[in-house]
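Notes follow once the structure below has been shown.
The values are calculated or read from the model by the stated rules, or taken from the named source; none is laboratory data. Keep in mind the model is a prediction, meaning the values are calculated, not measured. We place every Cβ from the backbone using ideal geometry, glycine too, and count neighbours over all the protein chains shown. Side chains are part of the model used for accessible areas, which takes the heavy atoms of the whole protein and leaves out ligands, DNA and RNA. Shrake-Rupley method; radii C 1.70, N 1.55, O 1.52, S 1.80 Å.
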Amino acid sequence: MIELAPGHKQGFVVKLPVVVAGGIVGYGEAAPRGLALEKAGAVVVGPLMAQSRNGANLPRIAETMGGLVLETGLQNRGLSSALGKFARLWPRLGCPVVAQVAEAEPRGLARVIERLAGAPGLACIELLPLTTELETAQQMVRAAARIADLPVWVKLALSTAVVWGPALVQAGASGLVVGQPPVGALSRGAAPGQVRGTGALVRGGLYGPLAFAPMLDRLAALAELHLPCALIACGGIHSVEQARQALAVGAQAVQLDTALWVEPALLGWLVDELAADEQASG
């Protein structure tokens with residue numbers, strides 16, 4: 001049993017140290033075929049926002065060896081639509097549900113959390129702060145923790161993780177997700193017959209194995225601080241060995257993201273291998 005909200009009065013205990021990251025199953029309705037959610041320690045749904053968004057213009061994705069750049073623009077249906085259509089799915093997903101909430105300021109966040117607080121099957125909030133101001137992010141954590149009465153994780157940008165992490169734990173975060181994908185750009189290339197250099201450039205989050213090394217570096221730096229919170233590794237984990245490295249460095253759990261679009265069965269394989277590791281060490 002793994003505690004992913006140490007110090008919180010309610011806590012968040014999971015059986016397995018593997019979490020499905022936000023964006024992979026949508027609001028619970030879009031799980032890839034072959035993804036055995038009952039094997040996950042938890043699943044993150046969302047992002048949830050007060051207002052709907054159309055998302056980024058096309059093209060949104062560009063691929064390279066070892067990774068891809070993806071810019072969704074936080075496309076979402078808005079809170080009312082998401083709750084009305086999909087919240088009823090959450091108790092039936094087969095594992096605890098974490099709601100990822102993306103907002104830019106405390107009052108907007110508070111309105112979202114107030115409506116989420118009573119949703120069935122919800123075990124935790126994952127905050128994605130859309131701000132570059134640490135003080136604003138602290139206020140958001142305090143508001144979420146006060147209103148929801150649920151554990152609050154914060155998904156950190158890698159560039160500021162070591163500075164923001166301690167401050168957000170002090171504000172009430174029970175867990176830190178390390179972290180948001182680093183920003184990158186890739187060209188989709190010019191189509192045949194087009195002038196060289198006219199291909200679309202896609203800027204967005206970097207996903208895939210290439211994202212693992214920068215994530216592990218920041219995870220290790222945060223682990224050295226011995227903060228009274230859970231650390232959840234997210235970024236570039238595409239193999240059992242990478243999951244083992246993240247756990248060895250100091251994570252209590254790992255989040256799987258785009259690897260599950262490529263191979264949904266990875267979740268089951270990884271859980272089985274980690275369970276075997278635990279039996280062997282015990």
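Positive contributions from Lys and Arg (+1) and negative ones from Asp and Glu (-1), summed over other residues with Cβ under 15 Å from the Cβ of Ala145, come out at -1. At the listed q of 0.13, 0.17, 0.18 Å⁻¹, the Debye profile of the range 40-155, built from one uniform point per Cα, gives log10 I(q)/I(0) equal to -0.53, -0.86, -0.95. In this structure, the amide hydrogen of Gly28, modeled 1.01 Å from its nitrogen in the peptide plane, lies closer than 5 angstrom to those of Gly46, counting only residues at least 5 positions away or on a different chain.
Count charges around Cys95 for me, please; just the other residues with Cβ under 14 Å from its Cβ, Lys/Arg as +1, Asp/Glu as -1. Intermediate results must be reported in sequence, preceding the final value.
Numbers: positive: Lys15, Lys39, Arg92; negative: Glu38.
Charge balance near Cys95 sits at +2.
If you take the Cα centroid of the range 66-85 and the Cα centroid of the range 131-192, the two points sit 17 Å apart.
Taking the chain as a Gaussian network of alpha-carbon nodes connected by springs under 10 Å, the highest mean-square fluctuation of the residues Val271, Val178, Val19 belongs to Val271.
Would you work out the relative contact order for the range 21-100, in percent, from Cα pairs under 8 angstrom that are 6 or more residues apart? Spell out each step's value before the answer.
Details: 125 pairs, mean separation 31.8, N = 80.
Relative contact order, the range 21-100: 40 percent.
Defining a contact as two alpha carbons under 8 Å apart and six or more residues distant in sequence, what relative contact order in percent does the chain show? Relative contact order comes out at 21 percent. Taking the Cα atoms of the range 136-282, the ratio Rg/Rh between the radius of gyration and the Kirkwood radius comes to 1.07. Less than 5 angstrom separates the built amide H of Val177 from those of Val154, Lys155, Leu156, Ile232, all sequence-distant by 5 or more or on a different chain. Note on the chain: helix-only mean residue ellipticity at 222 nm, from DSSP H runs of 4+ residues weighted -39500 (n - 2.57) and normalised by residue number, equals -9500 deg cm²/dmol. Taking all protein chains into account, the per residue accessible area for the chain stands at 45 Å² (1.4 Å probe). Taking trypsin sites (Lys or Arg not before Pro) across the range 27-90, the ones in a DSSP loop with at most 16 further Cβ atoms lying within 10 angstrom of their Cβ are Arg33, Arg60. Between amide H atoms placed 1.01 Å from N, distances below 5 Å from Thr258 occur with Gly208, all of them 5 or more places distant or on a separate chain. Take the solvent-accessible surface of the protein heavy atoms, probe 1.4 Å, and return the percent of it on the chain that carbon and sulfur atoms account for. Of all accessible area on the chain, carbon and sulfur atoms account for 52 percent. The GNM of the chain, with springs linking C-alpha atoms under 10 angstrom apart, assigns the highest mean-square fluctuation among Ala185, Ala143, Ala248 to Ala248. Residue separation of Asp272 and Leu201 scaled by 0.36 nm, minus their Cα-Cα distance, works out to 21.6 nm of gained length.
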